[in-house]
């Protein structure tokens, strides 16, 4: 593995830099790919973001993020689909490899996770023709079960791949070690994802013990308990050879350090895996 | 459903009362069963605990808890088995229906969750003859995946039932809604558990949004997003008709309130499901 295959998810340095600043710093430090977030793009404007990424000659391994297909009523669900179409347009303008989807949790006041999952399936099916037309694959990201209520009711790789089977071409998965490392079926399901050509993105970060915050206490690779080398080998054996993306939300630690230190640590840890 | 089938896991009032106080309060409020913790029994002494529970004429739906089969070396694993045998003796003395097992997370300095899972299987197999002899079934409790690293590497009901299949008689599962509610396979696996006569205990509490602490912010039934009525119907359809146990760890809320208020709320919410 070489840092040539490293992509930086720009959430990792969101507290330190604007998108143009982050892109410039990545390029300066020899990083060859990024994955920007919609709010970062909105903050500087799409044209500025496109120009910054093009000037820095960076690949765009994904665009974060679409999804949120669950809503209490049909109007809300349609609004989500419309917004996802705009996200697809932006992803295409940025030359992104895929649109990463966090599918949504339970709608307000609902306890019916089965119904939420049906909304996700229907929302994906409604969005897919537009995504195919734009040649932006939809990367369903199974999220850790601790986010089932409020962020994403797709919580295992098997579940995401079952959705892909129903959807057909143009749908795949974003596999993030933070969300799936605990899964007893992980090796089997990664192999299945490879066979079916569904792996659109591979994200890494680490699980810290203790974890002090459900959302914003993710670890730098190497600082936690995830066997990143083993999972990376499964991903490689599944035929995925594109970029590995480091994505860390860390309010208490990495977001408080200088951006250059964060990036150089990412490079160092990535090379060490 | 009637409060006649309600059991109180004594962790729910651990901040307010000693075991004898909690047992007396439960009996006074018409509750007919409890599940004590080992540290609570140790604090008052086994004889005192036995007498308090017998005097109050309460059933003991489980004893919390054994497990922790994962350790860096063989001596540590043997020490765990020996300690589990003492827990079985105590459970038998208390007349408990089962010993609830939190199986252990990754051993110190390990990232090998597969090896940890093998330790759990081996530890259970080593303990089982003793448990059978004592007529104390071992209730494997799958814990939420957010505890895979530090508490229990058995994280789905399917995984726990696969272990039971390997172990044979004397092993079963404790199903806690907090840990399994998100599982896309939940209905199927509850039905499987019922067919195989593996359901030894059914625990309920609720998942709060937001959850402010990974361990100690569990919700009173009705205050969160878990569809307890639906899951309870699956449990009943699986043939489990014994006690439903309320178990709540709540440092910021229920542990700060008077014990009587906690118990009366448990009764009220249980009747409302």
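The values are calculated or read from the model by the stated rules, or taken from the named source; none is laboratory data. Note that the structure is a prediction, hence the values are computed from the model and not measured. Quick reminder, even Gly has a Cβ in these numbers, built from the backbone with ideal geometry, and neighbours come from all protein chains shown.
Would you mind stating whether residue A:95 is in contact with a strand residue (DSSP E or B) (Cβ under 7 Å, 6 or more places away or on another chain) and modelled with pLDDT of 95 or more?
Values: in contact with a strand residue (DSSP E or B) (Cβ under 7 Å, 6 or more places away or on another chain): yes; modelled with pLDDT of 95 or more: yes.
When the stated conditions are applied, residue A:95 passes them.
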Contacts under 6 angstrom Cβ, first residue in segment B:49-71 being under 30 Å from residue B:106 (Cα atoms), partner at pLDDT below 95, 6 or more apart: none
Criterion: buried (at least 21 other Cβ atoms within 10 Å of the Cβ) and either under 27 Å from residue B:244 (Cβ atoms) or in contact with a helix residue (DSSP H, G or I) (Cβ under 6 Å, 6 or more places away or on another chain) (or both) - qualifying residue of B:84, B:5: B:84
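With respect to residue B:120, determine if the residue is at pLDDT 95 or above, under 14 Å from the mean Cα position of the chain (by Cα) and under 30 Å from residue B:211 (Cβ atoms).
Working: at pLDDT 95 or above: yes; under 14 Å from the mean Cα position of the chain (by Cα): no; under 30 Å from residue B:211 (Cβ atoms): yes.
Taking the combined requirement at face value, the residue does not satisfy it.
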Leading residue by the ranking (surrounded by the most Cβ atoms within 10 Å (Cβ to Cβ)) among those in segment B:102-117 that are within 27 Å of residue B:37 (Cβ to Cβ) and more than 9 Å from chain A (Cβ to nearest Cβ): B:103
Residue check for residue B:95: surrounded by 21 or more Cβ atoms within 10 Å (Cβ to Cβ) and touching a residue at least 40 places away in the same chain (Cβ under 8 Å): no
Considering residues of segment A:134-184 that are out of contact with any helix residue (DSSP H, G or I) (no Cβ under 6 Å at 6 or more places or on another chain), facing chain B (nearest Cβ under 9 Å) and outside any helix (DSSP H, G or I) only, the residue nearest to residue A:244 (Cα to Cα): A:181
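Would you confirm, using the coordinates I've provided, whether residue A:216 is within 14 Å of another protein chain (Cβ to nearest Cβ), crowded, with 21+ Cβ neighbours inside 10 Å and on the phi < 0 side of the Ramachandran plot?
Values: within 14 Å of another protein chain (Cβ to nearest Cβ): yes; crowded, with 21+ Cβ neighbours inside 10 Å: no; on the phi < 0 side of the Ramachandran plot: yes.
Spelling it out, it is not the case that residue A:216 is within 14 Å of another protein chain (Cβ to nearest Cβ), crowded, with 21+ Cβ neighbours inside 10 Å and on the phi < 0 side of the Ramachandran plot.
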Residue that is farthest from the other protein chains (Cβ to nearest Cβ) [pool: residues in segment A:188-206 that are farther than 21 Å from residue A:65 by Cβ and part of a loop (DSSP other than H, G, I, E, B)]: A:197
In segment B:15-34, the residues that are surrounded by 19 or more Cβ atoms within 10 Å (Cβ to Cβ) and touching a strand residue (DSSP E or B) at 6+ places or on another chain (Cβ under 8 Å): B:22, B:23, B:26, B:31, B:33, B:34
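Results for (1) modelled with pLDDT under 95; (2) in contact with a strand residue (DSSP E or B) (Cβ under 6 Å, 6 or more places away or on another chain); (3) surrounded by 24 or more Cβ atoms within 10 Å (Cβ to Cβ), shown as yes or no for each residue.
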| position | (1), (2), (3) |
| --- | --- |
| B:127 | no, no, yes |
| B:133 | no, no, no |
| B:166 | no, no, no |
| B:171 | no, yes, yes |
| B:179 | no, no, yes |
| B:196 | no, no, no |
| B:201 | no, yes, yes |
Filtered residues of segment A:201-221 (kept if without any contact (Cβ under 8 Å) to a residue 24 or more places away in the chain and either within 21 Å of residue A:173 (Cα to Cα) or touching a helix residue (DSSP H, G or I) at 6+ places or on another chain (Cβ under 8 Å) (or both)): A:211
Answer from B:32, B:86, B:132 - the residue that is farther than 23 Å from residue B:155 by Cα and without any contact (Cβ under 8 Å) to a residue 12 or more places away in the chain: B:86
Subset of segment B:228-243 (residues that are under 19 Å from the mean Cα position of the chain (by Cα) and within 14 Å of another protein chain (Cβ to nearest Cβ)): B:228, B:231, B:232, B:234
Of all residues making up segment B:216-268, the number that are part of a helix (DSSP H, G or I) and under 22 Å from residue B:196 (Cβ atoms): 8
Condition check for residue B:270: within 30 Å of residue B:18 (Cβ to Cβ) and within 16 Å of the chain's Cα centre (by Cα): no
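Restricting to helices (runs of 4 or more DSSP H) lying wholly in segment B:1-70: which have 3 or more residues that are at pLDDT 95 or above and closer than 17 Å to residue B:100 by Cβ? Step through it out loud before you land on a result.
Working: elements: B:19-28, B:38-44, B:46-55.
Counting at least 3 such residues, we get B:38-44.
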